[in-house]
Amino acid sequence: MKSKRQAKIMEIISTTNVETQEQLLSQLQEAGFTSTQATISRDIKELRIVKELTSFGTYRYTTAVREVPSTFTGRLNTIFRECVTSFDYAQNIIVIHTLPGLANAAASALDTMNMSVVLGTIAGDDTVFIVMRDNNSAAAFCGEIKGLLS
């Protein structure tokens with residue numbers, strides 16, 4: 001049932017401008033799926049669905065663009081896990097502290113992820129600044145970092 005529901009979610013967001021989880025839940029119910037908002041929220045996280053700004057100034061759910069990881073990308077992700085010492089965010093800016101000399105490697109790993117919610121990174125010697133599209137993206141990404149590092 002979960003895979004069918006998630007497939008339907010992907011179909012809905014690819015054919016309709018869905019702005020909220022409530023709209024998504026309503027469309028799922030119209031399609032015959034019984035679910036809760038909490039389940040939809042978990043599905044969105046598992047499917048790596050993000051919100052993007054439309055040309056009309058509103059937001060819509062879409063899938064995150066991800067490239068097939070290469071060996072180089074895998075190495076950068078390993079470096080990222082090994083070099084990050086701390087991280088936090090304020091509004092839409094994330095600050096990551098690394099071991100000395102490894103901020104560029106961490107920023108490069110982030111850049112290769114090609115996430116639509118990341119507007120850009122700036123790296124110094126042991127600090128990376130990441131500008132995210134919005135505050136929610138920054139909070140969600142810090143949660144992903146925490147999961148990656150645990």
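The values are calculated or read from the model by the stated rules, or taken from the named source; none is laboratory data. This structure is a prediction, so every number in the text was calculated from the model and none was measured. Reconstructed Cβ throughout: ideal geometry from the backbone, glycine too, with neighbour counts over all protein chains shown.
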- Item | One residue from Asp111, Asp126 being touching a Pro at 6+ places or on another chain (Cβ under 7 Å) and under 17 Å from Phe80 (Cβ atoms) | Asp126
- Can you name the residue in segment 1-20 that is among the hydroxyl-bearing types (Ser, Thr, Tyr) and either over 19 Å from the mean Cα position of the chain (by Cα) or modelled with pLDDT under 90 (or both) and is also surrounded by the fewest Cβ atoms within 10 Å (Cβ to Cβ) among such residues? Ser3
- Quick check: anything in segment 65-73 modelled with pLDDT under 85 and among the basic types (Lys, Arg)? yes
- Item | Pair list, Cβ < 8 Å and 6+ apart or interchain, from segment 11-36 residues that are free of Cβ contacts under 8 Å to residues at least 40 places away in the same chain to residues that are in a loop (DSSP other than H, G, I, E, B) and surrounded by 14 or more Cβ atoms within 10 Å (Cβ to Cβ) | Ile12/Val18; Leu24/Val18; Leu25/Ser35; Gln27/Val18; Leu28/Ser35; Gln29/Ser35
- Message: Residue under question is Thr85, and the condition is that it be modelled with pLDDT of 90 or more and either of a type in the set (Val, Ile, Thr) or on the phi > 0 side of the Ramachandran plot (or both); does it hold?
- Response: yes
- From the residues in segment 107-150 that are in contact with a helix residue (DSSP H, G or I) (Cβ under 7 Å, 6 or more places away or on another chain) and assigned to a loop (DSSP other than H, G, I, E, B), which one is surrounded by the most Cβ atoms within 10 Å (Cβ to Cβ)? Val117
